[in-house]
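Written below as structure tokens is the structure these notes are about.
The values are calculated or read from the model by the stated rules, or taken from the named source; none is laboratory data. The shown structure was predicted, so the numbers you read here are calculated from the model rather than taken from an experiment. Cβ coordinates were reconstructed from backbone atoms using ideal geometry, including for glycine residues, and neighbour counts include every protein chain displayed.
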């Protein structure tokens, strides 16, 4: 295994295309040059900070060399993933990543079970063998959709903030490597699930013609988001850098697809209607597709805003492995950049790119400044550098 400092210098090419609680006057900042390589020698005077449009003076800057050796915490959340091939891609990406986690970092794995989010370990673990045991269960347990009536609290092994264990060294690493080999060489269908049908659009899957179905789906997504928000809140008191990665390809991601927003602005017409008048509300009906799309867009926007605010407040960086890239990034991928994270598309190739690309986020600057006003609701944050040809990846809220 490479040390985090070595990883930071090597990786990042794909990204360009200890305190008791998270202070609101600091940010983790990733600096990349024009080639995508990590820049580790920025000086404090080269940073510029604006909070809610007001210039703030940095009072302390810790370099990646100073922050990278501290233990970090990683949460892997597996929401439902449809399509056998996409499931295999996601599972291999996760296994590959776990083999690259630096010594001393802790991991917590959560999966969407038959009806709720469940933890596969009682808390953050240093034991790589336990990571391998948990990940090995995911293909058989993870559904392809948001089935069942989701509970509003974390199920399974739950979460204990006081849970501790000991690292298992080489045996644990060998177990992870063996699992990765098993995933990569598995027989057809090892990842479970079914092959996606061609020609089925997002709007077809969401069935916007049935507003009752859409309302029920939104309620399920809201309960899922509540549990995820609770996990984020639990991380607020943890020291060091905290990362939460969501692997997903399900209805929650469909609801954030651009075509849903487009559907919200289209008139609803009955079959055969050529008058152009569109949908007309009648007594006893439940609305039309455009109304259902508007409801979905509104509710998802509110849920995303809440998760984003919680992550920023708790000092948690969000990442997503979902969507197809560009404007199709999934529920968490849409908000990940605002927390200083990144949206990796769930597509062929991510199984090797993710494990490498995300490691560079472990080598970030810690920029701190002093504010006169007490912390309040999230406001805009802008961190820039005076050095030319250096790109900063940082949260846009504080």
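Listing for the model above:
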| read-out | value |
| --- | --- |
| Counted residues, the range 386-398 - those being surrounded by fewer than 18 Cβ atoms within 10 Å (Cβ to Cβ) and over 16 Å from residue 308 (Cβ atoms) | 6 |
| Flag for residue 89 being at pLDDT 95 or above and in contact with a helix residue (DSSP H, G or I) (Cβ under 7 Å, 6 or more places away or on another chain) | yes |
| Complete set of residues in the range 102-120 that are more than 30 Å from residue 69 (Cα to Cα) and part of a loop (DSSP other than H, G, I, E, B) | 113, 114, 115, 116 |
| Among residues of the range 303-317, those that are in a helix (DSSP H, G or I) and touching a helix residue (DSSP H, G or I) at 6+ places or on another chain (Cβ under 9 Å), counted | 10 |
| Any hit, the range 284-294, residues being under 28 Å from residue 117 (Cβ atoms), assigned to a loop (DSSP other than H, G, I, E, B) and modelled with pLDDT of 60 or more | no |
| Of the criteria (1) in a loop (DSSP other than H, G, I, E, B); (2) farther than 22 Å from residue 134 by Cβ, which one residue 222 fails | (1) |
| Residue in the range 143-157 that is exposed (fewer than 15 other Cβ atoms within 10 Å of the Cβ) and farther than 23 Å from residue 218 by Cα present | no |
| Single unsatisfied condition, residue 99 versus (1) part of a helix (DSSP H, G or I); (2) within 20 Å of residue 368 (Cβ to Cβ) | (2) |
| Residues that are surrounded by fewer than 23 Cβ atoms within 10 Å (Cβ to Cβ) and within 10 Å of the chain's Cα centre (by Cα), drawn from the range 316-342 | 334, 337 |
| Output for the range 349-380, where each listed residue is out of contact with any strand residue (DSSP E or B) (no Cβ under 6 Å at 6 or more places or on another chain), under 25 Å from residue 37 (Cβ atoms) and surrounded by fewer than 23 Cβ atoms within 10 Å (Cβ to Cβ) | 349, 352, 353, 355, 356, 357, 359 |
| Breaking point among (1) part of a loop (DSSP other than H, G, I, E, B); (2) out of contact with any helix residue (DSSP H, G or I) (no Cβ under 8 Å at 6 or more places or on another chain); (3) modelled with pLDDT of 95 or more; (4) within 29 Å of residue 315 (Cα to Cα), for residue 167 | (2) |
| One residue from 186, 123 being in a loop (DSSP other than H, G, I, E, B) and surrounded by fewer than 17 Cβ atoms within 10 Å (Cβ to Cβ) | 186 |
| Count of the range 370-387 residues which are at pLDDT 95 or above and over 27 Å from the mean Cα position of the chain (by Cα) | 2 |
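Okay, residues lined up against (1) in a loop (DSSP other than H, G, I, E, B); (2) at pLDDT 95 or above; (3) in contact with a helix residue (DSSP H, G or I) (Cβ under 7 Å, 6 or more places away or on another chain); (4) buried (at least 17 other Cβ atoms within 10 Å of the Cβ):
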residue: 138; (1), (2), (3), (4): no, yes, yes, yes
residue: 172; (1), (2), (3), (4): no, yes, yes, yes
residue: 176; (1), (2), (3), (4): no, yes, yes, yes
residue: 179; (1), (2), (3), (4): no, yes, yes, yes
residue: 190; (1), (2), (3), (4): yes, yes, yes, no
residue: 196; (1), (2), (3), (4): yes, no, no, no
residue: 209; (1), (2), (3), (4): yes, no, yes, no
residue: 230; (1), (2), (3), (4): no, yes, no, no
